[in-house]
Amino acid sequence: MHRRLFITGAIASAAAVAVSRIGFAAQESGAVKGKFPPIDKTRAQWQQILAAKPYQVMFEEATEKPWSSPLNDEKRDGTYVCAACFLPLFESSAKFDSGTGWPSFFQSIEGNTATKTDWKLLLPRTEYHCARCGGHQGHVFDDGPPPTGKRWCNNGVALQFVPRGEDLPALRT
Ligand SMILES: [Zn+2]
């Protein structure tokens with residue numbers, strides 16, 4: 001009985017911490033976090049909406065050529081949103097120069113990406129995608145800088161940059 005009470009209490013306080021964190025972060029950026037309206041489009045529909053390159057990367061898991069994205073050199077403050085459904089995925093404050101030729105971040109916006117294990121190169125890698133539309137974004141590795149030690153290695157063509165001060169695009173429905 002005591003143990004059960006303790007566990008319930010622990011869950012409640014963890015939830016309270018999570019809520020207060022989300023509240024703080026949302027206030028900071030105004031970005032959509034975690035909970036968002038669902039989207040249900042077929043690949044054929046995405047193919048009609050998106051240009052060929054983003055479609056191939058996001059819905060056929062192609063990888064763009066390194067050094068090909070202008071977002072490698074993007075240094076302004078702002079938000080990186082999913083190029084398909086416009087869900088915010090990264091803040092510029094988490095971007096760093098990884099030297100790999102792909103835009104890289106040490107942290108994604110919590111709750112807005114989801115991961116799966118990818119065996120394409122025989123050794124397992126962690127693939128991640130937009131949690132809303134499922135569009136592939138990149139892979140996350142454990143060789144990133146502090147404070148997280150993570151390197152979210154993103155295809156630039158799968159993101160759109162919105163400079164601070166400009167309105168984020170409405171989520172695509
Ligand atoms: Zn998306």
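Restricted to the range 23-71, and to residues there that are closer than 19 Å to GLN137 by Cβ and of a type in the set (Val, Ile, Thr), the residue that is modelled with the lowest pLDDT is VAL32. Checked against (1) surrounded by fewer than 17 Cβ atoms within 10 Å (Cβ to Cβ); (2) in contact (Cβ under 8 Å) with a residue 60 or more places away in the chain, ALA83 meets all criteria but (1).
Counting only residues that are of a type in the set (Lys, Arg) and under 13 Å from GLY165 (Cα atoms), the range 74-94 holds 1 of them. I'd like the residue in the range 97-120 that is out of contact with any strand residue (DSSP E or B) (no Cβ under 6 Å at 6 or more places or on another chain) and over 14 Å from GLY138 (Cα atoms) and, out of all such residues, is nearest to the ligand (Cβ to nearest atom). Going through the qualifying residues, I end up with GLY111. Could we say that ALA16 is at pLDDT 95 or above, over 17 Å from the mean Cα position of the chain (by Cα) and small (Gly, Ala, Ser) here? Criteria not met by ALA16. When the criteria are applied in full, ASP143 meets the requirement of being on the phi < 0 side of the Ramachandran plot and without any contact (Cβ under 8 Å) to a residue 40 or more places away in the chain.
Would the range 61-68 turn up any residue that is surrounded by 19 or more Cβ atoms within 10 Å (Cβ to Cβ) and out of contact with any Cys (no Cβ under 7 Å at 6 or more places or on another chain)? Within the range 61-68, one or more residues are surrounded by 19 or more Cβ atoms within 10 Å (Cβ to Cβ) and out of contact with any Cys (no Cβ under 7 Å at 6 or more places or on another chain). Only a single criterion out of (1) within 16 Å of the ligand (Cβ to nearest atom); (2) surrounded by fewer than 19 Cβ atoms within 10 Å (Cβ to Cβ); (3) within 19 Å of GLY156 (Cα to Cα); (4) small (Gly, Ala, Ser) is not satisfied by SER93, namely (1). Which residues, taken from the range 83-132, are of a type in the set (Ser, Thr, Tyr), over 11 Å from the mean Cα position of the chain (by Cα) and assigned to a loop (DSSP other than H, G, I, E, B)? Result: SER98, THR100.
Taking the range 124-168 only, how many residues are within 16 Å of the ligand (Cβ to nearest atom) and over 13 Å from PHE90 (Cα atoms)?
Final tally of qualifying residues: 7.
The values are calculated or read from the model by the stated rules, or taken from the named source; none is laboratory data. The structure presented is a predicted model; accordingly, all values stated were derived computationally and were not measured. Please note: Cβ atoms are built from the backbone with ideal geometry, for glycine as well, and neighbour counts cover all protein chains shown.
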